[in-house]
Amino acid sequence: MLPDPPYNQQVSTEQHRKAAPASVRCFVLTISDSRTPADDSSGDAIAMLLTDAGHVVAGRALVKDDPSAVQREIRAHADQVDVIITTGGTGITSRDNTYEAISQLLQKRLDGFGELFRVLSFQEVGSAAMLSRACAGAVGRTAVFSLPGSENAVQLAMTKLILPEIGHVVRELSR
């Protein structure tokens, strides 16, 4: 039997959350070949959920699912905000290039985000959850979360994973 760790992991996590910023600066990036600012319901949902939770949406953009365009937007905003949340392009069609574009930029990966998102998605959509390539990590000290384009998927990721930990993630990246 292993000895107890020198600290209680639950207490440590709670302490980190208490020391985390209550409000962080975010950028929302929609990646789509078909959406327009007028019908970007997933981007709207992200922005609304962030604002309702007390965070600042410092900007938004919509780009085609083109790796160069996606990387350009992320690089342009990574030093200006604490968190970038993208929506769209995480599937496996021939036009879905977001995963490749973002994963090339990530200097640190949060593999648990994609894993947990697919587990939660499985509970809602069944085995189709395996088709999502949602991912997260860090570009410098900026957290990047890449979500599917579905508004339901955005709601799930935001409420169950991102919003409960966003301040904690930002705190850890700033250390």
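Only the coordinates and a few stated rules stand behind these numbers; no lab work does. Worth saying up front: this structure is predicted, and the values here are computed from it rather than measured. Ideal geometry is used to build each Cβ from the backbone, glycine not excepted, and the neighbour counts take in all protein chains shown.
What does the chain give for Rg and for Dmax, in Å, if only its C-alpha atoms count?
16.2, 59
Extending each Cα 7 Å along its Cβ direction at residue 103 and residue 51, get the distance between those two points in nm, one decimal.
Roughly 3.4 nm, to one decimal.
Compute the long axis of helix 9-19 from its Cα atoms, compare it with the longest principal axis of the Cα atoms of the chain, and write down the angle in degrees, 0 to 90, nearest 10.
Tilt relative to the chain: about 60 degrees.
For region 97-104, just list the computed ³J(HN,Hα) in residue order, Karplus coefficients 6.51, -1.76 and 1.60, θ = phi - 60°, integers in Hz, with x standing in for Gly and Pro.
Once rounded to whole Hz, the list reads 10, 4, 4, 5, 4, 6, 4, 5.
Specify the angular offset, from 0 to 90 degrees and rounded to the nearest 10, of the alpha carbon long axis of helix 67-78 from the longest principal axis of the alpha carbons in the chain.
On a 0 to 90 degree scale, this one is about 50.
For the chain, what is the mean residue ellipticity at 222 nm derived from helices alone (per DSSP H run of n ≥ 4: -39500 (n - 2.57); sum divided by total residues; nearest 500 deg cm²/dmol)?
Calculated from helices alone, the mean residue ellipticity at 222 nm is -13500 deg cm²/dmol.
Where does the charge balance sit around residue 98 when Lys and Arg score +1, Asp and Glu -1, over other residues with C-beta under 9 Å from its C-beta?
Spelling it out: positives minus negatives among the neighbours equals -2.
How much length is gained if the chain between residue 128 and residue 66 is pulled fully straight, taking 0.36 nm per residue apart and subtracting their Cα-Cα distance, in nm to one decimal?
19.9 nm
To check you understand DSSP bridge types, tell me what percent of the beta bridges within the chain (both residues inside) are antiparallel, rounded to 5.
30 percent
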